[in-house]
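Below is one structure; the comments refer to it alone.
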Amino acid sequence: MALLDMTGIHKRFGQVSALADVDFDLEAGEVHALVGENGAGKSTLMKVLAGVQRADSGTMTLAGSVVRFGSVNEAQAHGVVMVYQELALVPSLSVAENLFLGKLPKVVGYGALFERARRLLTRVELEVDPGTEVARLSIGEKQLVEIARALAREGRILVLDEPTAALSATESDRLFAIIDKVKQGGVAVVYISHRLEEVFRIADRVTVLRDGERVGTRTVADTSADEIVQLMVGKSVRHHERTPRTTERTLGTFEASGPGLASMSISLRAGEIVGLAGVIGSGRERILPTLFGLGGSARWAGESVRGPREAIRRGIVLVPSDRKTQGLVVELSVEENVSLATLSRLQRFGFMDRKREREQTRRWIDRLALRPPDPRKSVRELSGGNQQKVVIAKALATEPEVLLLDEPTRGVDVGARAELYDVIDDLSQRGLGLVLSSSDSEELLRLSDRILVFRGGRVTAELLPPFAYEEVVAHVTGARQLA
Amino acid sequence: MSLARVNWREIVARFGLVMALVALVIVLSTLSDRFLTTSNIINVLRQISINAIIAAGMTVVIIGRGIDLSVGSLLALTGVVGAGLAVGGLPAGFAILAALALGTALGTFNGAFVAYAGIAPFIVTLAGLTIFRGAALAFTDGRPISGLPPLFRTIGYGDFLGLPIPVWIMLGFLILTHVILRYTALGRAVYAIGGNEEAARLSGIPVRRVILFTFAYSGMAAALASMVLTGRLNSAQPSAGVMFELDAIAAVVVGGTSLFGGRGGVFGTLIGALIIGVINNGMNLLNVPSFYQQIVKGGVILGALLIERLVATRRT
Ligand SMILES: Nc1ncnc2c1ncn2[C@@H]1O[C@H](COP(=O)(O)OP(=O)(O)OP(=O)(O)O)[C@@H](O)[C@H]1O
Ligand SMILES: [Mg+2]
C-alpha cells in the first residue's frame, strides 16, 4: 500500500485553475520526481501536501488514514517536511537559530545549539559558522541551510522544491548522496526540478504536470528524457545553438576586489558572454554583486562604481540571484516591478507616463512569454519561473550596455529557458557585453564565449571553446589546476 | 463561470471599509435624528479635517515602512512660530508659508536621521516628539500666542461654496497626496521601498532621498494642520496637538494601510478618519461620557485591524 495517496485534488486561485483533478501517490523509500513547465502546479500540489495551502476538493490518505492539514505544523506533526522554492529563512537570525526555528528550547544555550548546528551543517558539508547571520549567505549557501533544516525535522515525507536550482554540480552530487541515504531509511522523497538529467539520475518514478493536470506518471527505468519533455510541453523542444558574435570592440574592463575576493580584472568585448563557474565559497557568488557596486570595490572602464544607481546610469545592470529578497517587490504588480529600474525614464515632470509604461511592459511580457500575460497581476501570484522573468524584464528595460546575470534561469523551465537563451543570444548580437554567473554547467557551456573558473576567491582558469563538460567540472572542483 | 460562488473575502477586502462606514452611518442615524443633517455632516467633516491632513502625511511615511510620532509636537512648534512671526509684524501669508517651511525642515531633520544615520523611525521621531514640544514651550515661555491677524480666522472659520475652508484644505491636501502616491515616479518609489527596500535599491531608486521626502512631507502636513488649528482656536498653543500622532496612525491603519509598508493609500485614510470622526460625533450626540468614548474608539481600531488580519491571512 502506498504511503501517501492524493486523489482528485483541485485548487483554484480566482480565475486560475492551478490544480485540476490531480492524483499523486508516494511509496515509502522512493524518490518521486515532479516535473512540468513554469506554472504547471508543482509547487501548489506540494504546498497542499505540506499544509501551506488548502485544496478546494480532493482527499489525502497518509499511511492508511485520511488526513487534512490546516497548517504547516499539522503537516509536520504527520511527518511531512518541505523545502520551499522561495527560500523561507529569517535573514536577520543566525544560521543556527534558523536551523532550529520553531524548535528552539525555551532557554537557548548557545554552546549546545551551535554544536548541534555544526553537526547538521556537516551533513550537507556546508562550511559556515553557525553564528553567521543568514542575510550574509549566498543563495546556494541558504539553499543548503534549508536542506539541513529539513533533515533535522526527520519526517517520513521530504519534499524538495527545486533544491539544486542554485547549487553547482559538486553540491548537487552531495545532495544526491544525502537523498540516497534518507531514502534507504524509508523516507519518501518528492523531488521537483527543471533539470531532467537529475531526475533520471536519482528518481524512481516521475510524474508530469501540465497546466494543472497530471498528464502521466512513469517509472524512470521505462521512459526517456524525450518522452518526459513531450509530456511536459506537448511538443518537442529544439536545442539551443548559439552563433558567437563577439566583436573586437572592447566595451571596458572591470576591476574588482573585496572580502573573499582577490583583486581581478575582467575585460569585456561587445557581444561577448563571459561565463563564471565555481562552487559555493569559490568567490564566484560574490563577484557580480561586487561589480554592481554592492560591497567590495569595483571599477568599470577606469572609474569606480559606487552603487547600483551609478552602475545603472553607466549602463550596467544586475539580475540578482535571489529574486525574493533582491529582485521583486511582491506586493506590486508585474508592471510596477518591470518599471522599477526605469522610473526616471518613464516619467515626465515627475508624473508617470502610463501609456509608455504600459507599452514597455507589454513589450517585455511578449518578449519573455510571461504567463499569464497580465501586466496588472500581482507578482506574488506568479509561479517561480515567471517571477524570474519579471526580474529579467526589469533589468532589460534599462537597455543596458553591460548585463550581469546571476543565476538567471534559477527555477525557469525548459521551454522558457530556451526562450531566455534566445533573448540572451539576441542581446549579445546587439553588442551588449554579458557576464553570466551560473551554477549550471550546461548553461555555461551553451552560452559562454569564454569561461572563468573561480576557486578560493580568485580566477584559476580561463577556458575557451570548444568546451568539454568534463573539463569544466574538473576545473571547478579543483581536480585540474591551471598549468 | 463561477458567478454562483461569491468571493466574500475579495469583497470585504475591497469594499469592507466603505461598508463599515455606511453601516455606522445607518446605525447612528436611527439612534439620533440630529445625526444625518447637513449641518452635522459638515460639522463632522470640519472636525476630522485636522486629523485627516496629518494622517495623509502619515500615510506616505507608513507606506514607506516608517512611522512619525513627532507630528503632534511638530504641529505645536510650527503653530507658535507661525503665530509669533505674524504677531511680530510679518504679513500673515508669509508667516504661514514660513510655518510650512519650518514643518518641512523639521520633517527633513527626522528623515535625515532615519535615511542617512540608519536609526529606526520610531526612535528618531520619539526624540522629535519631545524635542519639538520642548522647543515650542521654550519659544513661548509656555504661554499661548493670541492677537492674530484676520487671515487666521478666515482659515479657521471661513466658508467657500458652502463648505468650511478647513474642509477644502483637507480635500486639497488629500488629492495632492493621492496624486503623488498614484501618479508620480516618487510615489511609486515610496511603495517599492516599503515593499522591499533592497529590491528598490538594486533597481537604482534613490532610497535615502525618497525616505527623506516621506518625513519631510509628513512634517509639512503637520504644519498645514497646525495652521488650521491655529485658525480654529484663533491662537497658537505650545501645548496643542498632544497625542495627535495616535489619532493619525489610527486613521491610517483603520484605513487599511499596512504598518509593514508597501500597501495602502490615502483614500482609505480618509475613510479611516471619517469612521473615527463619525464615532466621536455620534457618541457626542448620544451623550456618551468621554471616558467611554475613548474605550469605544480603541475597540473600533482593534476591530478594524482584526478584520483586516482575517482577510489578509489567507493570502499566502
Ligand atoms: N498564491 C497564489 N495566488 C494566485 N495564483 C497563484 C498562487 N500561487 C500560484 N498561483 C498560480 O497557480 C499556478 C501554478 O503555480 P505553481 O507555483 O504551483 O507552479 P510551478 O509548477 O511550481 O511553477 P514553477 O516551475 O515556475 O515554480 C500558476 O498559474 C500561478 O500563477
Ligand atoms: Mg514552483
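Between residue A:63 and residue B:41, what is the label-to-label distance in nm when each label sits 7 Å out along the Cα-to-Cβ direction?
About 6.5 nm separates the two model spin labels.
Relative to the first principal axis of the alpha-carbon coordinates of chain A, what is the inclination of helix A:414-429, with its axis defined by its Cα atoms, in degrees from 0 to 90 and to the nearest 10?
0 degrees
Compute the FRET efficiency between residue A:100 and residue B:153 as 1/(1 + (r/R0)^6), taking r as their Cβ-Cβ distance and R0 = 56 Å, and round to the nearest 0.05. Each step should come with its number before you reach the end.
Numbers: r = 66 Å, r/R0 = 1.17.
The calculated FRET efficiency here is 0.30.
If you take every DSSP beta bridge fully contained in the protein assembly as shown, what fraction is antiparallel? Give it as a percent rounded to 5. Intermediate values should be presented prior to the final figure.
Working: 47 of 81 bridges.
Antiparallel: roughly 60 percent of the beta bridges in the protein assembly as shown.
Can you list which of the DSSP-assigned H helices in chain B have a Cα extent of 20 Å or more along the long axis and an average Kyte-Doolittle score of at least 0.5? Could the numbers behind the result be given before it?
Numbers: long enough: B:8-31 (31 Å, 1.82); B:38-63 (34 Å, 1.45); B:71-87 (23 Å, 2.02); B:92-115 (34 Å, 1.67); B:121-140 (28 Å, 1.56); B:165-183 (26 Å, 1.77); B:207-233 (39 Å, 1.19); B:266-285 (28 Å, 1.58); B:290-312 (33 Å, 1.11).
Span-like helices, by this rule, are B:8-31, B:38-63, B:71-87, B:92-115, B:121-140, B:165-183, B:207-233, B:266-285, B:290-312.
Give me the inter-chain shielding for B:175-188: mean count of other chain Cβ atoms within 10 Å, whole number please.
On the way: counts 0, 0, 0, 0, 1, 2, 0, 1, 5, 6, 13, 5, 3, 10.
For peptide B:175-188, the averaged partner shielding equals 3.
Using every alpha carbon pair in region A:4-233, what percent of pairs falls into each 5 Å bin from 0 up to the bin containing the largest distance?
Result returned by the calculation: 1, 7, 15, 18, 19, 17, 12, 7, 4, 1, 0.
Could you list the residues of region A:327-347 with an amide nitrogen less than 20 Å from a label point located 7 Å from the Cα of residue A:301 in the Cα-to-C-beta direction?
Under 20 Å, as judged by backbone N against the label point of residue A:301, lie A:342, A:345 of region A:327-347.
On the first, second and third principal axes, largest extent first, how far apart are the outermost C-alpha atoms of chain A in Å?
Principal extents (Cα only, largest first): 67, 53, 48 Å.
Multiply the residue separation of residue B:97 and residue B:175 by 0.36 nm, subtract the distance between their alpha-carbon atoms, and state the gained length in nm to one decimal. Don't jump to the answer; show the numbers that get you there.
Values: separation 78, 0.36 × 78 = 28.08 nm, distance 2.00 nm.
Full extension from residue B:97 to residue B:175 adds 26.1 nm.
On average, how many beta carbons from a partner chain sit within 10 Å of the beta carbon of a residue in A:336-343?
Partner Cβ neighbours, averaged per residue: 5.
Using the per-residue mean of other Cβ atoms lying within 10 Å as a proxy for protection, in what order, highest first, do the peptides A:377-387, B:66-76 fall? Intermediate results must be reported in sequence, preceding the final value.
Working: A:377-387: 21.3, B:66-76: 29.2.
Top to bottom by mean Cβ count within 10 Å: B:66-76, A:377-387.
Using a cut-off of under 11 Å, list every residue of region B:119-158 whose amide N is near the label point 7 Å from the Cα of residue B:239 along the Cα-to-beta-carbon line.
B:142-144
Hey, could you get me the Stokes-Einstein D for region A:330-398, Kirkwood radius over alpha-carbon pairs, 25 °C and 0.890 mPa s, rounded to whole µm² s⁻¹? Working shown, then result.
On the way: Rh = 11.7 Å.
Taking Rh from Cα pairs, D becomes 209 µm²/s.
Translational diffusion coefficient of chain B at 4 °C, 1.567 mPa s, Stokes-Einstein with Kirkwood Rh over Cα pairs, in µm²/s as a whole number.
Working: Rh = 20.2 Å.
Reported coefficient: 64 µm²/s.
Using a 1.4 angstrom probe on the protein heavy atoms only, could you order A:324, A:183 from most to least accessible area? Walk me through the numbers before you get to the answer.
Working: A:324 90, A:183 40 Å².
If we order A:324, A:183 from most to least accessible, we get A:324, A:183.
Please work out the C-alpha center-to-center distance from region B:227-287 to region B:17-56 and express it in whole Å.
If we compute the Cα centre of each part, the gap is 12 Å.
Sorted by packing (mean other beta-carbon atoms within 10 Å per residue), highest first, where do A:444-455, B:112-123 land? Don't skip to the answer; put the middle values down first.
Values: A:444-455: 22.6, B:112-123: 15.8.
Put in order of decreasing packing, that is A:444-455, B:112-123.
Ignoring ligands and nucleic acids, what accessible area does residue B:33 show with a 1.4 Å probe (Å², nearest 10)?
Accessible surface of residue B:33 is approximately 140 Å².
Rounded to the nearest 10 degrees, what's the angle between the helix A:354-367 long axis and the longest principal axis of chain A, both from Cα atoms, 0 to 90?
The answer is roughly 70 degrees.
Whenever you get a sec, line up B:214, A:477 from highest to lowest accessible area (probe 1.4 Å, protein heavy atoms).
Result of the area sort, largest leading: A:477, B:214.
Springs between alpha-carbon pairs under 10 angstrom, Gaussian network model over chain B: which of B:190, B:252, B:296 fluctuates most?
B:296
Inside 10 Å of the C-beta atoms of A:297-308, what's the mean count of C-beta atoms belonging to other chains? Present the calculation step by step, with values, prior to reporting the outcome.
Numbers: counts 0, 0, 0, 0, 0, 0, 0, 0, 0, 0, 4, 7.
The shielding value for this peptide is 1.
Per-residue counts of other Cβ atoms within 10 Å, averaged by peptide: what ranking do you get for A:463-473, A:354-364, highest first?
Numbers: A:463-473: 14.0, A:354-364: 16.2.
Top to bottom by mean Cβ count within 10 Å: A:354-364, A:463-473.
Taking the Cα-to-Cβ direction at residue A:74 and at residue B:117 and moving 7 Å from each Cα, how far apart do the two end points lie in nm?
Here the answer is 5.0 nm between the modelled labels.
Could you compute how much accessible surface residue A:346 exposes when probed at 1.4 Å, giving the result in Å² to the nearest 10?
Rounded to the nearest 10, the figure is 0 Å².
Could you state the number of Å between the C-alpha centres of region A:1-80 and region B:188-210?
Taking the Cα centre of each part, region B:188-210 and region A:1-80 sit 37 Å apart.
Pop the C-beta distance of residue A:310 and residue B:146 into the FRET formula with R0 = 41 Å and round what comes out to the nearest 0.05. Before the final figure, lay out each step's value.
Working: r = 54 Å, r/R0 = 1.31.
Once rounded, the FRET efficiency stands at 0.15.
Compute the angle between helix A:139-153 and the longest alpha-carbon principal axis of chain A, please, reported from 0 to 90 degrees and rounded to the nearest 10.
Between the helix axis and the principal axis of chain A, the angle is about 10 degrees.
At 1.4 Å probe size, put B:232, A:458 in order of accessible surface, largest to smallest. Walk me through the numbers on the way to the answer.
Numbers: B:232 70, A:458 135 Å².
Largest accessible area first, the list is A:458, B:232.
Once amide H atoms are placed 1.01 Å from N in the peptide plane, what residues at a sequence separation of 5 or more from residue A:460, or on another chain, have their amide H within under 5 Å of its amide H?
Counting only residues 5 or more places away or on other chains, the set is A:453, A:454, A:455.
The values are calculated or read from the model by the stated rules, or taken from the named source; none is laboratory data. Quick caveat, the model's predicted, so the values are computed rather than measured. FYI the Cβ positions are ideal-geometry reconstructions off the backbone, even for glycines, and counts take in every protein chain you see. These area figures cover heavy atoms from the full protein model, side chains too; ligands, DNA and RNA do not enter into them. Shrake-Rupley method; radii C 1.70, N 1.55, O 1.52, S 1.80 Å.
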